[in-house]
Amino acid sequence: MVRETTIFSHHSCGKMPFLLKYDMSNFTRINQIKKTLQKKSVLLLGPRRTGKSFFIKNQIKPDLIINLLEANTFRKFSARPELLREVVTDEMKIVAIDEIQKLPSLMDEVHNLIEEKKIRFLLTGSSARKLARTHTSLMAGRARRVYFHPFTFQELQENKSIIDLDHLLNYGALPPVLLATDPWEELRDYVGLYLKEDIQAEAMVRKIENFSRFLEFSAMNSGELLNFESIASDSQVPARTIREYYAVLVDTLMGTMLEPLSSTVKRKSVSAAKFYFFDTGVLNSLLERKQTSSKTKEYGNLFEHFILNEIRAYVDYNATDTKLNFWRVDQETEVDIIINHTIAIEIKSTDNVVPKHLKGLKKFAHTGACSKQIVVSRDPMVRQIDEIQILPYQDFLQKLWAGDIF
C-alpha cells in the first residue's frame, strides 16, 4: 500500500512542498538480522512502532508468526505455553514471536525447542525489563540480542526518500509518524500509549502521575549531564526514585545512557552520565515543542541527538564491538562523542564551523589518545583544519554507513 506524506526539502526554503510517496511494501530496512538468523536465534528489541513487525513479515518472512498483541493468541498461549510445541513443526526453519515480553513464561518453551530442534526463533520485544530479570539464560549463547531503531538516514536515502533535516529533528523518524498527515498528533498518541501500556499496564512504577511528571523533566535534561538531585527537586520526586525511573526508560528502550570517558593521564574528566531519548520527535512531544529555530540551543541539542542515534543504529545493525562515550573536563572542555576511546566527534548545528568550535577536540588530542578528529555540522563544505576534518552531516552519515568512520 502506498501512503502519502508531505516533507519539505532542505532546498525548498519552506515554500512549495514535495509530495513524498512511500511504498512501504518495498521499503528495505538495513541490518544484519537475516544473516544472524542463519547461525542462531535472535531477540529483537526496539521501541514500540519502530517497524519490527512489518520488517519481520516483509523481509524475514518466517514460517510462523505468533503475535502476542492479539488478545485471542495471548489468551491461548498464556493458558497453555506448551501449545508452542504443538504448532511448531519440524519442517519450519524460522518462527517469530512478536512482543515476547507480554508472556515471559513462553521463553521456557522457546529455550527447549532451540535445544531440541534446528529451529531459529526471532523474538521481538519493546521492553527488556521482564526478560532480563526472569529469562537471562536464553541469552547464554542461544540467542543474540539485537536492537531495532526508527528509520535511519541511510534507509531513507537508499529507499529514494526526500530527506529534510528540520522535519527529522522536529518529528523524528518513527515510521507511523513519518507517514502521518498529522505527525504531531501521532507523536502525542505514541507517548500516551507508552504510559498506558508499557508503564501502567506492566506496573513498572507505583505512581504513574509521578512518572508522567518525571518524563517531562527527563526530556528537559536529555543530552545534558545528569544531576539526579536537581531533577528530583524540580519534579518533586525522590532522587532514589529518579534513578529507578531512568532505569525504566533504558529498559523500555526509550533512550540510552552515554557514559563519560574515564579520566585521562593529563586531565580529570567528569563522572556524571548523559541520557539521550531514542527519537527527536518523541523528545519534542514530551516537551510539547512543535518547532525549533536553527539558531537556538534547543536545535543544537536535537541535532546532537540525531547524530548520536545514527551512530548507535550503525553500531547495533553492524554488530560491532564499539564503545561510545563523551569527554568533559569542564564547561569549556568537552567532546560530544568518543568512539572506542580514540575517535573524537564534535557535533555542531552551525552552518559555519570556526576555530572556537574546535577547542574541545584540540584539548582531547593533547591527551595523546586521539586517532581521528571530526566536526559534524550543517556547514556545506568538506574542509580540514590542522588534523580536524570538517564534514557536512550528509557526508559524515554516508561515510558512517559505508564503514569509513570506524
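Report the gain in length on full extension from R80 to E224: 0.36 nm times residue separation, minus Cα-Cα distance, nm rounded to one decimal.
47.1 nm
Report the relative contact order of region 33-147, percent, no decimals, based on alpha-carbon pairs under 8 angstrom and at least 6 residues apart.
40 percent.
Run the numbers for N318 and Q157: contour at 0.36 nm per residue of separation, minus the present Cα-Cα distance, in nm.
56.2 nm
Along the Cα-to-Cβ line of E209, 7 Å from the Cα, sits a label point; which residues in region 219-240 have backbone N less than 14 Å from it?
Residues 236-237 fall inside that zone.
Could you check the spin-label model distance between A272 and E197? Points 7 Å from the Cα along Cα→Cβ, value in nm.
3.5 nm
So what's the gap between the Cα centers of region 89-129 and region 324-347, to the nearest angstrom?
Centre-to-centre (Cα) distance: 39 Å.
If the chain were replaced by its equivalent ellipsoid, with semi-axes equal to the square roots of 5 times the Cα gyration tensor eigenvalues, what would those be, largest first, whole Å?
Equivalent-ellipsoid dimensions as semi-axes: 36, 25, 23 Å.
Before anything else, pin down the relative contact order of the chain: Cα pairs under 8 Å, at least 6 apart, normalised by residue count, whole percent.
Averaging sequence separation for qualifying contacts and normalising by length gives 13 percent for the chain.
Counting other beta carbons within 10 Å of each Cβ, put D351, D404 in order, fewest first.
Lowest count first: D404, D351.
Please list, by residue number, every one of the GluC sites (Glu not before Pro) in region 241-345 that is coil in DSSP and has at most 13 other beta-carbon atoms within 10 Å.
In loop regions of region 241-345 (DSSP not H, G, I, E or B), the sparsely surrounded GluC sites (Glu not before Pro) are E288, E332.
Distance cut-off 30 Å, Cα to Cα: go down the list K290/K362; K39/K372; K297/K362; K102/K160; K117/K196 and report the pairs above it.
Beyond 30 Å between Cα atoms: K290/K362; K39/K372; K102/K160; K117/K196.
Output the 0 to 90 degree angle, nearest 10, between the alpha-carbon long axis of helix 106-116 and the longest principal axis computed from the alpha carbons of the chain.
Roughly 80 degrees, rounded to the nearest 10.
Would any residue of region 221-247 have its amide N under 13 Å from a label point 7 Å out along Cα→Cβ of E259? List them or say none.
No residue qualifies, since no backbone N sits under 13 Å from the label point.
If you average the sequence gap of Cα pairs under 8 Å that are 6 or more apart and divide by the length of region 225-381, what percent do you get for the contact order?
Contact order relative to length: 18 percent.
With a point put 7 Å past each Cα toward its Cβ, work out how far D182 is from E216 in nm, to one decimal.
2.2 nm
Taking neighbour Cβ counts within 10 Å as the exposure measure, how do D108, D379, D279, D386 sort from fewest upward?
Listed from fewest to most nearby Cβ atoms, that is D386, D108, D379, D279.
Taking the number of other C-beta atoms within 10 Å as the exposure measure, put H149, H366 in order starting with the fewest.
H366, H149
Coordinate-derived values only; no laboratory data. Fair warning: this is a prediction, and the values are worked out from it, not measured in the lab. Note that we place each Cβ from the backbone using ideal geometry, even for glycine, and neighbour counts take in every protein chain shown.
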